[in-house]
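Asks: Next up is a structure, given as C-alpha cells.
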Amino acid sequence: MSDKEETDGSIVTKTRTQAKQRLQKPPLYRVLLHNDDYTTREFVVDVLRQIFRRSQEDAVRIMLHVHHNGVGVAGVYTYEVAEMKVRSVEVLAQQREYPLMLSIEPDDD
Ligand code: TYC
C-alpha cells in the first residue's frame, strides 16, 4: 500500500485489501449436530440459541432438520471457536445426562 500524489495535488492511496484478505482467511469448520432418541427437542433448541446464537426460528429449523435427517450444521467457525462450542455443548449435555453428539468437519467451500 502506498500514498501517491497526483498532478492535481490529490492523494491516492492504493490498497490491496481484497487480495490480502482472501489470502489471510482462516480455514473454516462446520460444527455438526447428530440426532439421537433421548436428547429433548427443547434442549437442542436451547443449545442452538445459547451456544450457536441462533434465533428461535432458526434453532427450531435446524433441530427439526437434524431430527429428520440425522445430522445438520449448527454453525461455521474457525477451528478454535468450533472446538470451544463443541466443548460447551458437551458440558451442558453431560450435566443433563443427554447423549447428544457433535462433530467438526472442514467447510470446504
Ligand atoms: N430426536 C430427538 C427427539 O425426538 C430430538 C433431537 C434433535 C435430538 C436433534 C438430537 O441433535 C438432535 N427427542
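The values are calculated or read from the model by the stated rules, or taken from the named source; none is laboratory data. All figures in this text were calculated on a predicted structure; none of them were measured in a lab. Please note: Cβ atoms are built from the backbone with ideal geometry, for glycine as well, and neighbour counts cover all protein chains shown. Side chains are part of the model used for accessible areas, which takes the heavy atoms of the whole protein and leaves out ligands, DNA and RNA. Shrake-Rupley method; radii C 1.70, N 1.55, O 1.52, S 1.80 Å.
Asks: Cβ-Cβ distance below 8 Å, separation of 6 or more or different chains: which pairs start in the range 36-63 with a residue that is of a type outside the set (Asp, Glu) and end on one that is surrounded by fewer than 19 Cβ atoms within 10 Å (Cβ to Cβ) and in a loop (DSSP other than H, G, I, E, B)?
Replies: Once the first residue is of a type outside the set (Asp, Glu) and sits in the range 36-63, its partners that are surrounded by fewer than 19 Cβ atoms within 10 Å (Cβ to Cβ) and in a loop (DSSP other than H, G, I, E, B) give TYR38/TYR98; TYR38/PRO99; THR39/TYR98; THR39/PRO99; THR40/TYR98; PHE43/TYR98; ARG49/SER55.
Asks: Among ALA82, ALA74, ALA59, which is under 17 Å from ASP108 (Cβ atoms) and either polar (S, T, N, Q) or out of contact with any His (no Cβ under 7 Å at 6 or more places or on another chain) (or both)?
Replies: Being under 17 Å from ASP108 (Cβ atoms) and either polar (S, T, N, Q) or out of contact with any His (no Cβ under 7 Å at 6 or more places or on another chain) (or both) holds for just one of ALA82, ALA74, ALA59, which is ALA82.
Asks: Could you tell me which residue of the range 25-64 is farthest from PRO99 (Cα to Cα), considering only residues that are near the ligand (Cβ under 8 Å from one of its atoms), part of a loop (DSSP other than H, G, I, E, B) and open to solvent by 70 Å² or more (accessible area, probe 1.4 Å)?
Replies: Looking at the filtered set, the residue picked out is ASP37.
Asks: Can you tell me how many residues in the range 56-109 are out of contact with any Leu (no Cβ under 9 Å at 6 or more places or on another chain) and among the small types (Gly, Ala, Ser)?
Replies: Residues flagged as out of contact with any Leu (no Cβ under 9 Å at 6 or more places or on another chain) and among the small types (Gly, Ala, Ser) within the range 56-109 amount to 2.
Asks: Related question: Of all residues in the range 89-107, which are free of Cβ contacts under 8 Å to residues at least 60 places away in the same chain and over 14 Å from the mean Cα position of the chain (by Cα)?
Replies: Listed by number, the residues that qualify are GLU90, VAL91, LEU92, ALA93, GLN94, GLN95, ARG96, GLU97.
Asks: Here is a follow-up. Exactly one of these conditions fails for HIS68: (1) touching a helix residue (DSSP H, G or I) at 6+ places or on another chain (Cβ under 7 Å); (2) within 12 Å of the ligand (Cβ to nearest atom). Give me its number.
Replies: So HIS68 meets the others, but not (1).
Asks: For the range 77-105, which positions are assigned to a strand (DSSP E or B) and loosely packed, with under 14 Cβ neighbours inside 10 Å?
Replies: SER103, GLU105
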